[in-house]
Amino acid sequence: MTKIGIVLGSTRPGRNGEAVANWVLEVASARGDAEYELVDIAQFDLPLLDEPYPPSMGQYSQPHTHAWAATVAGFDGFVFVTPEYNHSISGALKNALDYLFAEWADKAAGFVGYGSVGATRAVEQLRLILAELQVATVRSQVALSLFTDFENFSVFRPAEHQVQALDATLGHVVRWSEALRPLRGGAA
Ligand SMILES: Cc1cc2nc3c(=O)[nH]c(=O)nc-3n(C[C@H](O)[C@H](O)[C@H](O)COP(=O)(O)O)c2cc1C
């Protein structure tokens, strides 16, 4: 079955991202079209990139890189749950992306952003980064507002229409992940 990783892009204590990622996992798991799994980058304890060779050379030396690579390699596609920090993604998510190369390639990705304007600026930047990593990004995305999808900017209460946006995004990610399988040689 197609495997989709839901990548939680915030590592902050008290992060809003955890409730958002759990909601994504709950809605996704009810669909039955793929196997969905939460990928919490905080659990990998990745230091700032400490590999001597560029990831595109695939010569990893650190145990944390091998663990992260094995996890990412196991998925056919991704949903990135991303906050917006200073109009971009978190440093932690950029670092986690930078660590690898081949493990991201020829897969699909969708986005669930949250911020004052749905993290749309962060997602635009994330699309550019993923283009370099040869990830195909779907058009539809979820833009959660800290004003209308959270109470007091901290208690996650997504508006009903957000479920439809999420379903559309997940559907595209699964279809594109499957369509790209021949390019991955069935490895993922
Ligand atoms: C360092 C930092 C920078 C931020 N910059 C922005 C921003 O540029 N735009 C925005 O909409 N929200 C911004 N915020 C608010 C975050 O979107 C909000 O705090 C969100 O809950 C962060 O995700 P997290 O709680 O999962 O870490 C920023 C928050 C932090 C901590």
Matching residues in region 47-90 - criterion: being near the ligand (Cβ under 10 Å from one of its atoms), within 14 Å of the chain's Cα centre (by Cα) and outside any strand (DSSP E or B): E84, S90
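Could you identify the single residue in S90, S140 that is free of Cβ contacts under 8 Å to residues at least 40 places away in the same chain and of a type in the set (G, A, S)?
After ruling out the rest, the residue left standing is S140.
Going through region 28-37 one residue at a time, which ones are surrounded by fewer than 17 Cβ atoms within 10 Å (Cβ to Cβ) and touching a residue at least 12 places away in the same chain (Cβ under 8 Å)?
To start, the set of residues in region 28-37 that are surrounded by fewer than 17 Cβ atoms within 10 Å (Cβ to Cβ) comprises 29-33, 35, 37.
Across region 28-37, the qualifying residues are R31, D33, E35, E37.
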Output for region 142-160, where each listed residue is part of a loop (DSSP other than H, G, I, E, B), of a type in the set (A, V, I, L, M) and away from the ligand (no atom under 11 Å from the Cβ): A159
So R139, is it part of a strand (DSSP E or B), charged (D, E, K, R) and either closer than 15 Å to L8 by Cα or more than 11 Å from the ligand (Cβ to nearest atom) (or both): yes
Which listed residue, of H161, H172, is buried (at least 17 other Cβ atoms within 10 Å of the Cβ) and either closer than 21 Å to S29 by Cβ or of a type in the set (F, W, Y) (or both): H172
Count of residues meeting criterion [among the hydrophobic types (A, V, I, L, M, F, W, C) and within 11 Å of the ligand (Cβ to nearest atom)] in region 101-123: 3
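Computed from the coordinates by the stated procedures, all read-outs in this text should not be read as laboratory data. Computed from a predicted structure; not experimentally measured. Please note: Cβ atoms are built from the backbone with ideal geometry, for glycine as well, and neighbour counts cover all protein chains shown.
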